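*Asks:* I am attaching a structure below and will ask some questions about it afterwards.
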């Protein structure tokens, strides 16, 4: 049901402290922890009596089961069985390849237990850019990951769902200048809205002179999306210039399926600093969190209603071009048969 042999977001670096974390990722129960400062992931069971390892404790060498005390290293090997010198070869659990980059913990979900990564985990350099500040969070969705992808690829909804934060004039959003391009495993949407009224969040954190030129640059990848949004004083620069001035927000959105019907949403927002003002990252984070709560309410209600009307087909409109392309990529990489 999911694209495999892919890097998925499993956690943020700051989540892995002095206790193990239990998560279900792509229907697989996983325990995440740190061992000697490095992130690790094992299937969440002890090979002895299948007690969840996430109920155990962390030690310098690995994780100790909270039932009978078996100690496992980050590679899934049993290092110690209390009261027993010989360790059976079968006393091991599956280990998942993990990479930690830019404060994001990625897990490789292979098709088979022995599958190893063929590429490095993605990079998101804005988390370590000295000109930017960032904060983030993890949300649980009672909805499948495809609906979250749809929402992020179609920002025409901002003028209706996010009136109090990043919305603005709904008609301008729907009629934005938009281009959609795609490759075998990516989709890109670029939306420009010139001479717009700044939305409330923008006005709270940046000293615009009046109306602004806005941009929304969305990149869909199989397991995550990057959304670069912002605005500058109307007519003050070229919206195609990668070094344009103004207020910039660079969103990272790691969408990891939990099950076929639920998802984990790992998000951060990075913003450039205005030298004329103190740090605004807390205000930007709070406003972003509020918008995502609005999205979650809509998406969960949408999914519940899909279940109520299983025989009713959805009618496509012009804003569906990018979501439809992304869905075709996910379907192909998941190995789901399609009608010829």
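*Asks:* Quick one: residue 18 ticks every box in (1) crowded, with 17+ Cβ neighbours inside 10 Å; (2) within 27 Å of the chain's Cα centre (by Cα); (3) not in a strand (DSSP E or B) bar one, so which box is it?
*Replies:* Condition not satisfied by residue 18: (1).
*Asks:* Condition first: in contact (Cβ under 8 Å) with a residue 60 or more places away in the chain and either in a loop (DSSP other than H, G, I, E, B) or out of contact with any strand residue (DSSP E or B) (no Cβ under 8 Å at 6 or more places or on another chain) (or both). Now tell me which residues in the stretch 53-98 satisfy that. Lay out the reasoning, then the answer.
*Replies:* Just the residues of the stretch 53-98 that are in contact (Cβ under 8 Å) with a residue 60 or more places away in the chain, to begin with: 96, 98.
Residue satisfying the conditions is 96 alone.
*Asks:* Sticking with this one: Do we find that residue 32 is assigned to a loop (DSSP other than H, G, I, E, B) and closer than 20 Å to residue 223 by Cα in this structure?
*Replies:* So residue 32 fails the test.
*Asks:* Residues 23, 38: which one is closer than 16 Å to residue 59 by Cβ and in contact with a strand residue (DSSP E or B) (Cβ under 9 Å, 6 or more places away or on another chain)? Write out each step before concluding.
*Replies:* Numbers: 23 fails: closer than 16 Å to residue 59 by Cβ.
Only one candidate qualifies: 38.
*Asks:* Of the numbered conditions (1) modelled with pLDDT of 95 or more; (2) under 15 Å from the mean Cα position of the chain (by Cα); (3) under 30 Å from residue 279 (Cβ atoms), residue 128 fails exactly one; give the number of that condition.
*Replies:* Every condition holds for residue 128 apart from (2).
*Asks:* Right, residue 284: under 20 Å from residue 135 (Cα atoms) and part of a strand (DSSP E or B) or not? Please lay out each step first, then the result.
*Replies:* Working: under 20 Å from residue 135 (Cα atoms): yes; part of a strand (DSSP E or B): no.
Criteria not met by residue 284.
*Asks:* Sticking with this one: Among the residues of the stretch 3-41 satisfying the criterion of being in contact (Cβ under 8 Å) with a residue 40 or more places away in the chain and in contact with a helix residue (DSSP H, G or I) (Cβ under 6 Å, 6 or more places away or on another chain), which is farthest from residue 134 (Cα to Cα)?
*Replies:* 3
*Asks:* Here's a follow-up. I'm trying to understand the selection: among the residues of the stretch 265-290, which are crowded, with 22+ Cβ neighbours inside 10 Å and within 29 Å of residue 107 (Cβ to Cβ)?
*Replies:* As a first pass, look at the stretch 265-290 and keep what is crowded, with 22+ Cβ neighbours inside 10 Å: 265-271, 284, 287-288.
Within the stretch 265-290, 265, 266, 267, 268, 269, 270, 271, 284, 288 meet the criteria.
*Asks:* Do you know which residues across the stretch 99-148 are within 23 Å of residue 247 (Cα to Cα), touching a residue at least 24 places away in the same chain (Cβ under 8 Å) and out of contact with any helix residue (DSSP H, G or I) (no Cβ under 6 Å at 6 or more places or on another chain)? If you could, list the steps in order and put the result at the bottom.
*Replies:* Filtering the stretch 99-148 for residues within 23 Å of residue 247 (Cα to Cα) gives 102, 123-137.
Next, only the ones that are touching a residue at least 24 places away in the same chain (Cβ under 8 Å) stay: 102, 124, 126-129, 131-137.
Scanning the stretch 99-148 gives 124, 126, 127, 128, 129, 131, 136, 137.
*Asks:* In the stretch 99-109, what residues are within 16 Å of residue 12 (Cα to Cα) and assigned to a strand (DSSP E or B)? Give the steps one after another, and end with the answer.
*Replies:* Going residue by residue through the stretch 99-109, those that are within 16 Å of residue 12 (Cα to Cα) are 99-108.
Passing the criteria: 99, 100, 101, 104, 105, 106, 107, 108.
The values are calculated or read from the model by the stated rules, or taken from the named source; none is laboratory data. On a predicted model such as this, the values are computed, not experimentally measured, just so you know. All Cβ positions, glycine included, derive from the backbone under ideal geometry; neighbour counts span all protein chains shown.
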